[in-house]
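Beneath this line is the structure, given in structure tokens, with notes to follow.
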Amino acid sequence: MSHYDLIVLGAGSGNMLPGDDLRHLRTAIVEPDRFGGTCLNRGCIPTKMSVVAAEAASNARAAARLGVHATVETVNWKEIRDRIFGRIDPLHDKALAYRRENGIDVYTEPARFVAPKTLLVGSEQLTADTIVVAAGSRPKLPPIPGLSDVPYHTSDTVMRIDEIPPSILIVGGGFIAAEFGHVFASFGSRVTIVQSGPRLLMAEDEQVSAAFTEAAAQRHRLFLEAQVSVVRPDGGAGITATVAGPAGEVDVHADLLLICTGRRPNTDLIDATAGGLTLDEHGHVITDEAYRTGVPGVWALGDVTNHFQLKHMANAEVRVVAHNLQHPGAERGLTSRVAPHAVFTEPQIASVGLTEQDARARGVEHVVALRRYSDTAYGWALEDTTGFAKLLVDPTARTLLGAHIFGPHAAILIQPLIQAMSLGQTVDQVARDVLYIHPALTELIEQALLDVPHPASAPQT
Ligand SMILES: Cc1cc2nc3c(=O)[nH]c(=O)nc-3n(C[C@H](O)[C@H](O)[C@H](O)COP(=O)(O)OP(=O)(O)OC[C@H]3O[C@@H](n4cnc5c(N)ncnc54)[C@H](O)[C@@H]3O)c2cc1C
């Protein structure tokens, strides 16, 4: 039995916790997989490195609209994959060595609670005054009959394959499905997506979700309001799935099956309830605003506790927990409750705050402004025909309730709106008290802000 001042469970975002300010604590980190966790090894970073390569291919093909007639000769997948993981993979060894050299004990077997504040790691029991649970989440598998008898991938494995498959069947219609659909279609795969809902990206604003579904339907074979009712080996390396939808049952063959049906927190793997932690109906650890669990001295952060599944949220939570560990009695929560996100598809999508359907459902009074990329000079340069920025605004306070951008560079364009929401600036301030570079794409934001209806216009609910 070893006792520590601090044990961190999980070296994804959790690895950022033991900094200089906590150096005086006798600390252990438990990480059974790779330092850097999901974001670095199998999430945000490798997907976005793949997306940039995908965009190089798809932009070349799409350049004909600008009068540039290019062809993509070859996509060398192994070169793309090895560039990505050649950069990422060495970081694990370096991070682990760095921690050990700096006096932190690193355990490389999975931990699970056997009692409150008591962990079993391999055959060793560890206890600590303070435990930070940052054990993350993992792909959730749907109960598709036959799934265990066929080869399939999840986001954990698909970026390390050896060849681009000629065809791929993606089950799921959320952001991970959308990003991989974009990547594999850009590299030449025929992509089929089976989605149980009526549109893709159902969590987005309904107008964005509808526009994206329309764009995706032009690139991929889409089955909406459909389920894979059974999947079987096709006799070779691929699979055949029976897809049941409104038009009946269809057999779809694919060389690769990719399951993207959501993620679940790893609270079962760490036996969180044996540690006295209370879970919500989705299995997330319940904490208070300061990220304290119900067990004094045990904290939780990241995907294991929040529903956002966003790395920037997990990073912000690490900073909060680090502060709170050093300031007992003066704990704080997140400074901003504004949680933006982006989907790196084609077109790109970025969003913050309320969607229009949320505002309606909650009866939140709002006005809407919508500006199209094609109304701006840079939109002309891009020859964009589908992009838009949509703002939801409180008609009385004239502050932003939500912002949704569908089109090139959305993830960058939304930043001044995130800032305005976080700082409580009015749309009029952000529109008029700031100069926007002409003719940059940020003029889209300026024009959308200037378009926000004035008090005389009737609010919508
Ligand atoms: C394909 C994909 C793309 C994504 N893209 C984005 C994006 O563009 N932007 C964005 O903001 N977010 C993105 N995310 C989400 C983001 O990766 C996560 O929100 C973030 O990594 C969560 O960090 P975490 O520290 O909570 O969990 P993790 O990074 O998963 O870290 C948890 C760690 O705990 C370890 N662990 C598990 N079980 C145990 C155990 N029993 N004992 C000890 N340790 C354990 C795990 O091995 C892991 O290393 C993406 C996710 C995926 C899957």
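What the table below lists for this structure:
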read-out: Residue in the range 46-56 that is without any contact (Cβ under 8 Å) to a residue 12 or more places away in the chain and more than 13 Å from the ligand (Cβ to nearest atom) present; value: yes
read-out: Residues satisfying the stated conditions in the range 22-52, i.e. in contact with a Ser or Thr (Cβ under 8 Å, 6 or more places away or on another chain), of a type outside the set (V, I, T) and within 18 Å of I161 (Cβ to Cβ); value: R42, G43
read-out: The lone exception for A241 - which of (1) surrounded by fewer than 19 Cβ atoms within 10 Å (Cβ to Cβ); (2) not in a loop (DSSP other than H, G, I, E, B) it fails; value: (1)
read-out: Sole residue being within 11 Å of the ligand (Cβ to nearest atom), of a type in the set (A, V, I, L, M, F, W, C) and farther than 30 Å from H3 by Cβ, chosen from F85, F175; value: F175
read-out: Every residue from the range 178-221 that is within 23 Å of K390 (Cα to Cα) and either of a type in the set (A, V, I, L, M, F, W, C) or in the same structural domain as G402 (by TED's automatic domain parsing) (or both); value: A178, L200, L201, M202, A203, V208, A210, A211, F212, A215, A216, A217
read-out: Cross-chain or 6+ apart pairs with Cβ under 7 Å, the range 13-31 first and in the same structural domain as L91 (by TED's automatic domain parsing) and more than 17 Å from Y107 (Cα to Cα), then at pLDDT 95 or above and assigned to a strand (DSSP E or B); value: L22/L6
read-out: Search result, residues across the range 215-253 that are charged (D, E, K, R), closer than 21 Å to G146 by Cα and under 24 Å from the mean Cα position of the chain (by Cα); value: E225
read-out: Of all residues in the range 146-167 being in a loop (DSSP other than H, G, I, E, B) and of a type in the set (S, T, N, Q), the one that is nearest to the ligand (Cβ to nearest atom); value: S155
read-out: Failed item in (1) over 30 Å from T240 (Cβ atoms); (2) outside any strand (DSSP E or B), with P143 passing the rest; value: (1)
read-out: Within the range 9-35, tally of residues that are more than 7 Å from the ligand (Cβ to nearest atom) and either part of a helix (DSSP H, G or I) or more than 19 Å from G297 (Cα to Cα) (or both); value: 6
read-out: Matching option when the condition is among the basic types (K, R) and under 21 Å from V52 (Cα atoms), among K117, K78, K94; value: K78
read-out: Qualifying residue in the range 277-296 (condition: closer than 20 Å to S148 by Cβ, within 21 Å of the chain's Cα centre (by Cα), surrounded by 15 or more Cβ atoms within 10 Å (Cβ to Cβ) and within 12 Å of the ligand (Cβ to nearest atom)); value: no
read-out: Of the criteria (1) within 16 Å of the ligand (Cβ to nearest atom); (2) at pLDDT 95 or above, which one N76 fails; value: (1)
read-out: Tally, over the range 263-276, of residues that are surrounded by fewer than 19 Cβ atoms within 10 Å (Cβ to Cβ) and either part of a strand (DSSP E or B) or outside the structural domain of L126 (by TED's automatic domain parsing) (or both); value: 1
read-out: The listed residue being among the hydrophobic types (A, V, I, L, M, F, W, C), under 29 Å from A54 (Cβ atoms), within 14 Å of the ligand (Cβ to nearest atom) and not in a helix (DSSP H, G or I), out of A342, A314; value: A342
read-out: Only listed residue being in contact (Cβ under 8 Å) with a residue 12 or more places away in the chain and under 26 Å from N59 (Cα atoms), chosen from I418, I437, I414; value: I414
read-out: Which numbered condition Y98 fails, given (1) of a type in the set (F, W, Y); (2) farther than 30 Å from Q348 by Cβ; (3) within 14 Å of the ligand (Cβ to nearest atom); value: (3)
read-out: Of residues in the range 101-123 being within 13 Å of the ligand (Cβ to nearest atom) and over 30 Å from the mean Cα position of the chain (by Cα), the one surrounded by the most Cβ atoms within 10 Å (Cβ to Cβ); value: L120
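The values are calculated or read from the model by the stated rules, or taken from the named source; none is laboratory data. On a predicted model such as this, the values are computed, not experimentally measured, just so you know. All Cβ positions, glycine included, derive from the backbone under ideal geometry; neighbour counts span all protein chains shown.
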